[in-house]
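**Q** Here's a structure for you.
The values are calculated or read from the model by the stated rules, or taken from the named source; none is laboratory data. Every value quoted in this text rests on a predicted model; they were computed, and no experiment measured them. Glycine gets a Cβ as well: all are built from the backbone with ideal geometry, and neighbour counts include every protein chain shown. Areas reflect the complete protein model, heavy atoms only, side chains present, ligands, DNA and RNA absent. Shrake-Rupley method; radii C 1.70, N 1.55, O 1.52, S 1.80 Å.
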Amino acid sequence: MADDTTDTKSSNQMWGGRFASGPDAIMEEINASIGFDKKLFAQDIRGSIAHATMLAHQGIISSDDKDKIVHGLNTILSEIESGNFEFSRQLEDIHMNVEARLATLIGPAAGRLHTARSRNDQVALDFRLWVKEELEKTEKMLTGLIAAFLDRAEEHAESVMPGFTHLQTAQPVTFGHHCMAYVEMFGRDRSRVRHAIEHLDESPIGAAALAGTGYPIDRHMTARALGFREPTRNSIDTVSDRDFAIEFLSIAAITGMHLSRLAEEIVIWSTPQFGFVRLSDAFSTGSSIMPQKKNPDAAELVRAKTGRINGSLVALLTIMKGLPLAYSKDMQEDKEQVFDAAESLELAIAAMTGMVRDLTVNTARMKAAAGSGYSTATDLADWLVREAGLPFRDAHHVTGRAVALAESKGCDLAELPLADLQAIHSAITDKVYDVLTVEASVASRKSFGGTAPSEVRRQIAFWRARN
């Protein structure tokens with residue numbers, strides 16, 4: 001007896017203090033998913049109602065049993081939504097928690113619900129429905145973000161700012177044109193969302209464990225009832241597929257990257273050194289020690305959320321990369337990654353939409369910066385090509401000499417005397433000064449998709465029509 005006691009104590013110490021009952025406690029801890037998959041309760045109940053309705057329609061269960069099942073499931077839905085449902089870890093997952101409660105509510109009829117299905121196709125359905133709904137939500141949020149940018153672009157179609165390459169002043173552009181660059185980015189993200197919805201718009205229910213079922217089910221009926229285009233076409237792939245989740249995470253990662261680029265620009269632009277924009281107190285915080293500080297914390301946190309989203313994508317790709325067909329328990333680890341990324345993405349889009357609408361733009365500061373760094377040098381080169389007939393490479397060389405001279409004199413190109421410019425090339429006339437202002441530079445860029453205000457307004461009209 002003493003030896004038995006010693007062995008038990010030793011065993012418990014080996015398993016660790018948290019798992020006082022040994023291996024069974026560890027198995028429960030690693031196996032249970034109810035802590036996170038309870039988020040799928042609405043999708044699980046919706047799928048079960050559609051499945052029960054189809055079973056009755058096909059004569060596989062009685063109409064009376066179907067009515068009991070549907071009533072019981074709606075009761076459970078109300079209990080969960082009102083916070084009066086007690087989830088049990090011993091029942092592992094959302095499916096078994098709902099089924100156990102259904103048995104308590106309606107008795108033996110509950111046991112007929114699982115006819116012609118498995119938890120494998122059930123979880124595939126629940127998760128696919130959840131991701132589809134999340135993608136639809138993301139589409140609406142991106143539409144709102146695009147609308148915010150369109151409003152700012154229209155407001156600032158003529159507001160001149162420096163355009164950058166390598167974060168060095170390159171050529172003058174308008175702030176409206178810069179805003180429209182993000183419209184294009186988030187428009188592509190929204191397009192990817194729409195394609196992802198199309199890709200996953202197939203119903204998994206009825207694939208059963210992996211081989212389908214011998215019952216005369218109607219998978220097209222359940223697909224229609226659940227809002228899917230059609231049923232999936234291969235039962236093995238159906239229960240082992242998580243492409244829809246990976247595609248969601250891929251879209252989230254790309255969108256997050258775009259949000260992070262924008263966040264970085266807001267962080268830079270709001271510094272005293274730039275002073276291009278100012279965020280209100282709604283999207284800023286102060287310093288605990290430096291009273292003058294106003295920190296763009298909302299933008300910084302959006303930038304950081306991208307790291308979490310990227311981590312979720314890599315995690316799920318790693319989980320899936322070595323799994324044989326069909327279902328493996330590894331796939332239980334898919335949901336937390338998607339749930340976390342979805343929450344991060346929603347928050348980041350909402351915060352960025354708020355910041356875009358909240359920004360106070362310092363147009364005077366932007367315009368002053370637009371002329372720095374000899375940003376109209378390309379306009380001088382283009383003038384030499386158009387007016388003096390120089391090959392562009394020669395014009396580039398002449399312009400480089402003009403920039404070097406202006407730099408040595410500590411002035412802008414437009415401030416160089418005509419005599420100095422003619423000493424570099426005799427074909428230069430006083431008409432060159434017409435193209436050396438930032439306003440003239442911007443106005444001249446009328447090529448399709450260029451920064452000229454007229455072209456910016458054309459693109460705004462295009463996007464308003466499709467947003």
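**Q** Highest mean first, how do 296-308, 429-441 rank when packing is the count of other Cβ atoms within 10 Å averaged over residues?
**A** Sorting 296-308, 429-441 by mean packing, highest first, produces 296-308, 429-441.
**Q** Then there is this: How large is the dipole of the stretch 369-465 about the Cα centre if only Lys and Arg carry +1 and Asp and Glu carry -1, each at its Cβ, rounded to the nearest 20 debye?
**A** 500
**Q** I've got another one for you. Order 248-260, 165-177 from most to least packed using the mean count of other Cβ atoms within 10 Å.
**A** Sorting 248-260, 165-177 by mean packing, highest first, produces 248-260, 165-177.
**Q** Pick out, from His166, Gln273, Thr437, the residue whose Cα sits farthest towards the positive end of the charge dipole of the chain, with +1 on the Cβ of Lys and Arg and -1 on the Cβ of Asp and Glu.
**A** With unit charges placed on the Cβ atoms, the residue in question is Thr437.
**Q** Under unit Cβ charges (Lys, Arg +1; Asp, Glu -1), what dipole magnitude, rounded to 20 debye, does the chain have relative to its Cα centre?
**A** Roughly 960 debye, rounded to the nearest 20.
**Q** Given a 1.4 angstrom probe, I'd like the percentage of the accessible area of the chain that is carbon and sulfur, rounded to a whole number.
**A** 53
**Q** Toward the positive end of the charge dipole of the stretch 375-416, about the Cα centre and with charges on Cβ (Lys, Arg +1; Asp, Glu -1), which of His396, Leu416, Trp383 goes farthest?
**A** Towards the positive end, the residue furthest out is His396.
**Q** Next question. Among Glu136, Glu230, what's the order by accessible area (1.4 angstrom probe), most exposed first?
**A** Most to least solvent-accessible, the answer reads Glu136, Glu230.
**Q** Which of the peptides 82-89, 319-326 is most tightly packed, and how do the rest follow, going by the mean number of other Cβ atoms within 10 Å of each residue?
**A** 319-326, 82-89
**Q** Return a whole-number percent for the relative contact order of the chain, with Cα pairs under 8 Å and 6 or more residues apart as the contact set.
**A** 16
**Q** While we're looking at this one, here's another question. So how far, in whole Å, is the C-alpha centre of the stretch 221-271 from the one of the stretch 119-145?
**A** First find each Cα centre; the distance between them is then 8 Å.
**Q** Take every Cα pair under 8 Å in the stretch 137-216 that's 6+ residues apart, average their separations, divide by the length, and report that relative contact order as a whole percent.
**A** 29
**Q** Okay, moving on. Which Rg and Dmax, in Å, describe the Cα atoms of the stretch 254-395?
**A** Spelled out, the Cα radius of gyration and Dmax of the stretch 254-395 are 23.1, 73 Å.
**Q** Here's a follow-up. Which value, to two decimals, describes the C-alpha radius of gyration of the stretch 30-112 once divided by 2.2 N^0.38 Å?
**A** For the stretch 30-112, the normalised Cα radius of gyration comes out at 1.08.
**Q** Relative to the Cα centre, what is the charge dipole magnitude of the stretch 30-112, using +1 at the beta carbon of each Lys and Arg, -1 at the beta carbon of each Asp and Glu, and rounding to the nearest 20 debye?
**A** 60
**Q** If I take every Cα pair under 8 Å that is 6 or more residues apart in the stretch 108-177, average their sequence separation and divide by the length, what percent do I get for the relative contact order?
**A** Once divided by the residue count of the stretch 108-177, the mean separation gives 21 percent.
**Q** Further question on the same structure: Using helices alone, I'd like the mean residue ellipticity at 222 nm for the chain: each DSSP H run of four-plus residues gives -39500 (n - 2.57), total over residue count, nearest 500.
**A** Rounded to the nearest 500, it is -20500 deg cm²/dmol.
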